[in-house]
Amino acid sequence: MGRWQGAYDDPGLMIVARLEIDSGGKVRVSAPNAVTDQAPLSESDRADLRTRLEMGLAASWENVAPLSLTFDGQAFRKPGGVAPQLEWDGPQKRMTLIFYSGNRRSVRVPLESVDTFTGDS
């Protein structure tokens with residue numbers, strides 16, 4: 001049970017993410033992203049893009065439906081699935097989102113535990 005948020009940024013991809021697991025084990029996760037490898041972005045443009053992604057995530061969060069995931073103590077997977085969607089490191093108390101997108105390699109997005117999500121009132 002808890003809330004986590006995080007971000008990933010490299011020259012070709014930007015991701016912002018939220019995760020919430022309620023006391024009943026229902027998992028809600030959202031990871032809006034932007035592919036940025038078509039043309040290099042200035043630092044200012046990157047900051048603007050991240051702000052837009054974060055604002056969109058905050059605005060759409062209430063509409064994110066719970067996912068059906070199984071948990072084996074370390075990885076959350078779709079029922080019957082092999083690929084992990086989330087990884088929990090219990091001793092370190094770290095949560096990681098695994099982001100899959102088309103023909104790109106998967107990306108691990110480190111998430112930080114939070115009481116309230118950034119951008120929420």
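Laid out as a table, the results:
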quantity	calculated
Test result for ARG52, in a helix (DSSP H, G or I), modelled with pLDDT under 95 and over 16 Å from PHE99 (Cα atoms)	no
Conditions (1) in contact with a Pro (Cβ under 8 Å, 6 or more places away or on another chain); (2) at pLDDT 95 or above; (3) surrounded by fewer than 13 Cβ atoms within 10 Å (Cβ to Cβ); number of the one not met by PRO11	(2)
Counted residues, region 82-121 - those being surrounded by 15 or more Cβ atoms within 10 Å (Cβ to Cβ), in contact with a Leu (Cβ under 8 Å, 6 or more places away or on another chain), outside any loop (DSSP other than H, G, I, E, B) and not hydroxyl-bearing (Ser, Thr, Tyr)	8
Residue count for region 18-44, restricted to those that are out of contact with any Pro (no Cβ under 8 Å at 6 or more places or on another chain) and closer than 18 Å to ARG104 by Cα	7
Among the candidates ALA58, ALA65, residue that is modelled with pLDDT of 95 or more and in a loop (DSSP other than H, G, I, E, B)	ALA65
Candidate set from region 71-81 (those that are surrounded by fewer than 13 Cβ atoms within 10 Å (Cβ to Cβ) and either assigned to a strand (DSSP E or B) or not charged (D, E, K, R) (or both)); member that is nearest to the chain's Cα centre (by Cα)	GLN74
Per-region count, region 27-54, residues in contact with a Gly (Cβ under 8 Å, 6 or more places away or on another chain) and either closer than 22 Å to MET95 by Cβ or surrounded by 13 or more Cβ atoms within 10 Å (Cβ to Cβ) (or both)	3
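The values are calculated or read from the model by the stated rules, or taken from the named source; none is laboratory data. Please read these numbers as outputs of a predicted model, since none were measured by experiment. Because the Cβ atoms are built from the backbone with ideal geometry, glycine has one as well, and the counts that use them run over all protein chains shown.
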